[in-house]
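For reference, the structure discussed in these notes is given below.
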Amino acid sequence: MSTSTSAQRTAKEGAVAQAAPHGRQRRLGVASVTLMIIAASAPLTVLAGGVTTTFAVTGLLGVPLSYLVLGAILAVFAVGYAAMSRHVTNAGAFYAYAAQGISRPAGVGVSLVALMAYNLMQVGIYGLFGFTVSSLLAERFGIDVPWWAAVLVCIAVVAVLGVNRVDLSAKVLGILVALEFLVVIVYDVAAFAAAPEGITAEPLSPSSLFVPGVGAVLSFGVAAFMGFESAAIYGEEAKDPHRTIPRATYTAVGIIALFYAVSSWAMAVGVGPSQLADQAGQQGPDLVFTFLGSHVGQIAADIAQVLFITSLFAALVSFHNAVARYFFSLGRERVLPGWLEATSHHGAPKAGSLVQTGIAVVVTVAFAIAGNGSDLGPLYPVLTMFTWLTNAGAMGLVLLMAIVSVAVIGFFRRRRIAGVGIWTSTVAPGLGAVALAVVFGLIVANFDVLLGLTEPSVLSWVLPAIVVVPGVIGIVWALRLRSTHPALYSRIGHGEEGKAHHLGDDD
């Protein structure tokens, strides 16, 4: 290697290191970011909770195919999303993309929807976590611990990880996700081996999916992918964001789609297609653990139950990190109070992490008080806190992805960047916008089903409003900033770049 080449590489590496703002070190590679994404998806949680629920509620066998369909839609979305990540590196991700691709008011509106959606997903999962830990302690050790007590302890642990080095969180998540994959693979092998009605490809047949009820299946299924879009949030901490973020995004989508398709197919085969809906309805998440106990051994079932808890924990850490980085980005640009940009000496977004922790504590305490003496009994945190908040959060994230697809088109149309073809800049994001809009419509149409309601109620309107109304408020707030603080307004969506100059687009 020549001296000049070495010097150029050293200079390039130094420039990348300097590009990380506020002393935030670039520690994350493709594997670390991919693990953060898959952790948010929570493999064992999806299989034991999401897949069983989908089979039970819809009664359709085409669940495995739905993951492949959704994977294809999100892969098309990822084409433009990943391309834009090469040119926009911002911890606010969706916020910055909408601001630079549509308008600054749209960016602020999107940022508040994103904050609400990620908080809903993260805090909602605490409900299932608390129920699962409380039940396990009661069944195995005879210890009666309120669900909310387990949640508060977990919140404290997540808070500690949140204010420390981000790659420390990645290492913890990596171990947990690897163990989850191992357990699910063992389950899949055992299920295909058992096959009481024989191995059939019927669950992968279009005729098993594209029938009345397909909307509910897709609505449930899309939640399994939530978190894959969070790769761009880590752009400012990635070693080489131009390569790391696109590769991590594509890798995560492919792994999630294939893994869940195979695992849900294994469940259908292992239980038997004719018995699946009834068994899933009767046993819920225990369907997986009971099967493992019967066909692999009770030790395997016990390990799986523990990993079910760690799976939820991994998702909590991942969504916590995403929320903290949105707070950091918005504080840095003074869209929200500036103190939110404070970081720890490790470079983690300390202020944003602490705010997210506070939100989780307040919501948990509120649900604990409201559920005191509830007729729902032990299932209260699952049927309310978990079901209500996570479904509302998933709906918000689908809406955001549809909007960002439009932003991608606007971004590349304004800049005409060399090497970006029409497929990447227009066709793929256009198809993604339409497909995601359809999925969003299906979620809205099936929202009562997703909430477990037999008839429309006030929740059918309140929960979507909690997601959408902040977006409207954000747009109004940005328009006010345009007239009262034009210098601040000019920086919206441009991160550190915006402090020196803005791109001159008039919005």
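The values are calculated or read from the model by the stated rules, or taken from the named source; none is laboratory data. Remember, it's a predicted structure, so these values are computed and weren't measured experimentally. Quick reminder, even Gly has a Cβ in these numbers, built from the backbone with ideal geometry, and neighbours come from all protein chains shown. To get the accessible areas, we keep the full protein, side chains included, count just its heavy atoms, and leave off ligands, DNA and RNA. Shrake-Rupley method; radii C 1.70, N 1.55, O 1.52, S 1.80 Å.
General remarks:
- Residue match in region 78-97 (condition: in contact with a helix residue (DSSP H, G or I) (Cβ under 7 Å, 6 or more places away or on another chain), open to solvent by 20 Å² or more (accessible area, probe 1.4 Å) and modelled with pLDDT of 80 or more): yes
- Flag for residue 418 being under 21 Å from residue 78 (Cα atoms), at pLDDT below 80 and aliphatic (A, V, I, L, M): yes
- Of all residues in region 28-59, those satisfying the criterion of being part of a helix (DSSP H, G or I), open to solvent by 10 Å² or more (accessible area, probe 1.4 Å) and either modelled with pLDDT of 80 or more or closer than 20 Å to residue 291 by Cβ (or both) are 45, 46, 49, 50, 53, 56, 57, 58.
- As for region 253-269, it holds no residue that is open to solvent by less than 30 Å² (accessible area, probe 1.4 Å) and at positive phi.
- Pairs where the first residue, in region 468-492, is assigned to a helix (DSSP H, G or I) and the second is open to solvent by 80 Å² or more (accessible area, probe 1.4 Å), C-beta under 7 Å, 6+ apart: 488/334; 489/482; 490/502; 491/499; 491/502
- Residue in region 274-304 that is modelled with the lowest pLDDT, counting only those that are open to solvent by 30 Å² or more (accessible area, probe 1.4 Å) and under 30 Å from residue 361 (Cα atoms): 285
Okay, residues lined up against (1) among the charged types (D, E, K, R); (2) open to solvent by less than 40 Å² (accessible area, probe 1.4 Å); (3) outside any helix (DSSP H, G or I); (4) in contact (Cβ under 8 Å) with a residue 12 or more places away in the chain:
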| site | (1), (2), (3), (4) |
| --- | --- |
| 109 | no, yes, no, yes |
| 117 | no, yes, no, yes |
| 126 | no, yes, no, yes |
| 129 | no, yes, no, yes |
| 132 | no, yes, no, yes |
| 138 | no, no, no, no |
| 143 | no, no, yes, no |
| 154 | no, yes, no, yes |
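- Of note, residue 363 does not satisfy the criterion of being among the β-branched types (Val, Ile, Thr), at pLDDT 85 or above, more than 26 Å from residue 104 (Cβ to Cβ) and open to solvent by less than 10 Å² (accessible area, probe 1.4 Å).
- Residues of region 330-349 that are surrounded by 19 or more Cβ atoms within 10 Å (Cβ to Cβ) and either under 20 Å from residue 492 (Cβ atoms) or at pLDDT 90 or above (or both): 330, 331, 332, 333, 335, 336, 340, 341, 349.
- Residue that is modelled with the lowest pLDDT, among those in region 117-145 that are under 26 Å from residue 356 (Cβ atoms) and among the β-branched types (Val, Ile, Thr): 132
- Residues that are open to solvent by 10 Å² or more (accessible area, probe 1.4 Å) and more than 21 Å from residue 133 (Cβ to Cβ) within region 305-329 comprise just one, 327.
- Considering only residues in region 370-412 that are among the aromatic types (Phe, Trp, Tyr) and crowded, with 24+ Cβ neighbours inside 10 Å, the one that is nearest to residue 107 (Cα to Cα) turns out to be 411.
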